[in-house]
Amino acid sequence: MKMMKQAQVGLIVFAITASGLPLAEAIAGDHCSDLGLGNNKNAIHAALRTALSGVAPDIVANGGLGNQMWATLVDRDGIVCAVAFTGTDRNKQWPGSRAISAQKANTAMSFNLPSGAGGTVDALSTANLWTQAQPGGSLFGLQFSNPVDTEQAYKGPPKNYGTTNDPMVGKRIGGVNVFGGGLGLYDETGDKVGAVGVSGDTSCADHNIAWRTRNALGLDKLGTGSVSGLSAPPRQDNIIYDVLPTTHDASDTSASGFGHPKCGFGEDEVVLPATS
């Protein structure tokens with residue numbers, strides 16, 4: 001019986017490798033399909049690029065600098081499902097923002113929970129982590145706790161960056177980022193199915209663009225799923241602008257304890273869509 005099971009496993013692995021797909025991608029497919037955006041990397045990439053391009057660049061809607069953007073989708077385990085950009089080619093966005101978008105997605109995946117799983121808070125945006133990660137905060141040093149796997153993030157030919165064949169797809173990139181641009185993804189039941197990370201503009205505009213991208217993907221079902229956050233519904237995991245500009249210690253810098261500084265380009269004046 002044991003030999004039979006081993007043989008069956010061997011046949012499965014052979015079938016996966018014979019198909020030309022790396023084993024990590026094949027495993028990732030099961031969880032990436034939970035996003036409800038398709039069952040293959042082409043469909044998921046197309047959904048992300050369409051959603052991102054539909055909301056950015058747009059200074060009126062998002063504030064910020066109006067830059068072209070990068071975005072990364074990860075599944076509930078932090079495996080990258082898709083990486084996309086809005087420009088006509090990979091050099092129309094800040095090159096460094098590609099890995100940062102993946103880092104933000106991993107952070108949002110790592111510090112969000114399914115509905116009701118948290119003590120008082122299920123959903124946190126990466127923007128909500130800023131104050132506590134500053135000197136004097138209870139999470140000081142958090143951003144250094146889980147470094148990006150640079151071997152995975154930068155491997156492969158750069159011409160594939162942001163395409164369906166981006167070398168990060170199917171890999172766990174890791175990383176922790178403590179400013180705006182990362183959000184958990186929730187289905188209609190309030191289950192956390194993954195996360196999105198956006199980068200390329202000010203961190204405040206990144207948050208706004210991530211928010212609108214999540215809305216366009218239909219994965220902002222925090223209200224339907226009774227997902228709790230630091231802010232009142234229907235914007236439970238929104239960025240909180242209550243940081244005092246004249247203070248430098250987390251213990252006295254934010255009234256809520258989870259604030260994010262303003263970026264100065266009108267990002268705090270826009271009205272974001274309500275969560276579903």
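None of the figures in this text is laboratory data; all of them are computed from the coordinates on show. Note that this is a predicted model, so its numbers are computed, not measured. Positions of Cβ are backbone-derived with ideal geometry, glycine not excepted, and every protein chain shown enters the neighbour counts.
Any idea what angle helix 2-18 forms with the longest principal axis of the chain, computed on alpha-carbon atoms, 0 to 90 degrees, nearest 10?
That works out to roughly 70 degrees.
Angle between the Cα long axis of helix 23-32 and the longest principal axis of the chain, 0 to 90 degrees, nearest 10?
Taking Cα atoms only, the helix is inclined about 50 degrees.
Let me know the number of lysine pairs in the range 21-265 closer than 21 Å at the Cα, not counting same-chain pairs under 8 apart.
17
Contact order normalised by length for the chain, with contacts defined as Cα pairs under 8 Å and 6 or more residues apart; what percent is it?
23
Once Cα extents along the principal axes in Å is worked out from the coordinates, which option in [x] 51, 38, 31; [y] 66, 43, 34; [z] 54, 43, 35 does it equal?
From the options [x] 51, 38, 31; [y] 66, 43, 34; [z] 54, 43, 35, the structure gives [y].
To make sure I understand, if each residue's beta carbon is the centre and we count other beta carbons within 10 Å, what order do TYR161, TYR154, TYR186 fall in, fewest to most?
TYR154, TYR161, TYR186
Determine, for PHE265, PHE85, PHE258, PHE140, the number of other Cβ atoms within 10 Å of each Cβ, and report the residues in order from fewest to most. Display every interim value, and only then the final one.
Numbers: PHE265 17, PHE85 26, PHE258 23, PHE140 13.
Fewest-to-most Cβ neighbours within 10 Å comes out as PHE140, PHE265, PHE258, PHE85.
Using only Cα atoms, locate the centre of the range 121-179 and the centre of the range 260-276, then give the distance between them in Å, rounded to an integer.
22
Give, rounded to the nearest 20 debye, the magnitude of the charge dipole that the range 21-265 has about its Cα centre when Lys and Arg contribute +1 at Cβ and Asp and Glu contribute -1 at Cβ.
Details: 17 positive and 21 negative charges, 113 e Å.
Charge dipole, the range 21-265, about its Cα centre: 540 debye, nearest 20.
Compute the angle between helix 41-55 and the longest alpha-carbon principal axis of the chain, please, reported from 0 to 90 degrees and rounded to the nearest 10.
Between the helix axis and the principal axis of the chain, the angle is about 20 degrees.
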